[in-house]
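**Q** Quick one: this structure, given as structure tokens, is what I'll be asking you about.
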Amino acid sequence: MDRRYPSKVRRSVALSRYREILYEVLRRCPKTSGKNQKYVFAGWGDDIPEPLKAQTLVVDAKDFPQEGPESLSRFVVRAVKEGWKDFILFNLRGHRFVACGLQKSHGISIHVYGSSGDYLASGLMGAEVYVHGNAQDQVAQIIKDGKLVVYGDVGQALLYGAKGGEVYIMGSTAGRPLINAVGCPRVVINGTCLDYLAESMMAGDPLKGGGFAILNGITFDERGRITELPEPYPGGNLFSLASGGAIYVRDPYFKVGEDQLNGGKITTLTEEDWNLIEPYLRENERLFGIPVERLLTVEGKIRKPWEVYRKVEVSPLRALQSLNALGES
């Protein structure tokens, strides 16, 4: 379901069938814990079973309210307090705030199947969340730590006010991702976004522990092959009014222009920059099957990283203006 393969039928038709089979398998998990049992089922109205070592709680979201005290989100919070660490949530239909309210949650793993609602993984503080499909708006707002992986596209305002964490998006995002991001978020977007990427970003120097985003500008054709988008970034206000952080854009044909910026500047990728971002691209390869070597391939030939990627960083003037503003305040 997560990867792109050649198919004799439309991908949407195949996914519908795969999802139907997967849900049927998950519904057959027993409701009570057993010594040699790996998966335990729970649904709306069920008590939270006692967790045993190395077990996964499988939750059918169908009849849970989309939000509120009895919602799927609050059920997961209660299950974590009871000792559960691994979750498969399936059959979501717009359920909001999934993976929210977990507080410090290192060691927690949540896999999401279905149509998750807004604010997923917002405020995340250590857990790993895997969305096997598309995500909606306001995803991972003010995320502080942890890992979010989305095997599809994401809606508006991804990572608003983000402070940390690793985020990998297989597809594209809508407008305004990473607005007001600070600290050290590390983000890989394999597609593109509409506009206002990293507006007012304040994430320090990425070469000194600050945050950054990598924008690859690719998609998949009908046979599952990686192909370039017409433009790596089609919108305006890229890195607009930012005072820290950086955007690394896969742009071998120099299609991103200064007229798309508002306060930043385009510079050449350095070896130090590549050493910083390559491990994230390797993890991106492991998650999505997008080889780093393919990303470095232009017109059939593997190029040097600085021939393929360009860096958008804060201009010295903009940084000085930000420092002066802080001094005046």
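**Q** Could you look through the stretch 160-198, keep only residues that are in contact with a Pro (Cβ under 9 Å, 6 or more places away or on another chain) and more than 18 Å from Asn216 (Cα to Cα), and pick out the one that is surrounded by the most Cβ atoms within 10 Å (Cβ to Cβ)?
**A** This residue is Ala162.
**Q** Additional query: Sort out which residues of the stretch 259-278 are exposed (fewer than 11 other Cβ atoms within 10 Å of the Cβ) and either among the basic types (Lys, Arg) or assigned to a helix (DSSP H, G or I) (or both), and write them in order of number.
**A** Passing the criteria: Asp259, Glu271, Glu272.
**Q** Only one of these conditions is not met by Arg78: (1) surrounded by fewer than 16 Cβ atoms within 10 Å (Cβ to Cβ); (2) in a loop (DSSP other than H, G, I, E, B). Which number is it?
**A** (2)
**Q** Sticking with this structure for a sec: Considering (1) over 28 Å from Ile142 (Cβ atoms); (2) of a type outside the set (Phe, Trp, Tyr); (3) touching a Lys or Arg at 6+ places or on another chain (Cβ under 9 Å), say which one Val25 fails and leave the rest.
**A** Failing condition for Val25: (3).
**Q** If you scan the stretch 10-41, which residues turn out to be in a loop (DSSP other than H, G, I, E, B) and surrounded by 12 or more Cβ atoms within 10 Å (Cβ to Cβ)?
**A** Cys29, Pro30, Lys31, Ser33, Gln37, Lys38
**Q** Right, here's the next one. Among Gln55, Gln66, which is the only one that is of a type outside the set (D, E, K, R), more than 30 Å from Asp221 (Cβ to Cβ) and modelled with pLDDT under 95?
**A** Answer to the selection: Gln55.
**Q** Sticking with this one: Tell me, which residue of the stretch 31-58 that is in contact (Cβ under 8 Å) with a residue 12 or more places away in the chain and among the basic types (Lys, Arg) is nearest to Asn91 (Cα to Cα)?
**A** The residue in question is Lys31.
**Q** Out of the residues in the stretch 279-301 that are surrounded by 14 or more Cβ atoms within 10 Å (Cβ to Cβ) and without any contact (Cβ under 8 Å) to a residue 12 or more places away in the chain, which is farthest from Glu228 (Cα to Cα)?
**A** Restricting to residues being surrounded by 14 or more Cβ atoms within 10 Å (Cβ to Cβ) and without any contact (Cβ under 8 Å) to a residue 12 or more places away in the chain, the top hit is Glu285.
**Q** Could you check how many residues of the stretch 18-45 are modelled with pLDDT under 95 and charged (D, E, K, R)?
**A** Summing the residues that are modelled with pLDDT under 95 and charged (D, E, K, R) in the stretch 18-45 gives 3.
**Q** Further question: Filter the stretch 96-137 for residues that are in a strand (DSSP E or B) and of a type in the set (A, V, I, L, M); which is nearest to Arg4 (Cα to Cα)?
**A** If we take residues in the stretch 96-137 being in a strand (DSSP E or B) and of a type in the set (A, V, I, L, M), then Val131 is nearest to Arg4 (Cα to Cα).
**Q** Shifting gears a bit: Give the stretch 111-127 a look and list any residue that's buried (at least 22 other Cβ atoms within 10 Å of the Cβ) and among the polar types (S, T, N, Q), or say none.
**A** Ser116, Ser122
The values are calculated or read from the model by the stated rules, or taken from the named source; none is laboratory data. Here the structure is a predicted model, which is why all the values come from computation and not from measurement. Every residue, glycine as well, gets a Cβ built from its backbone with ideal geometry; the counts of neighbours run over all protein chains shown.
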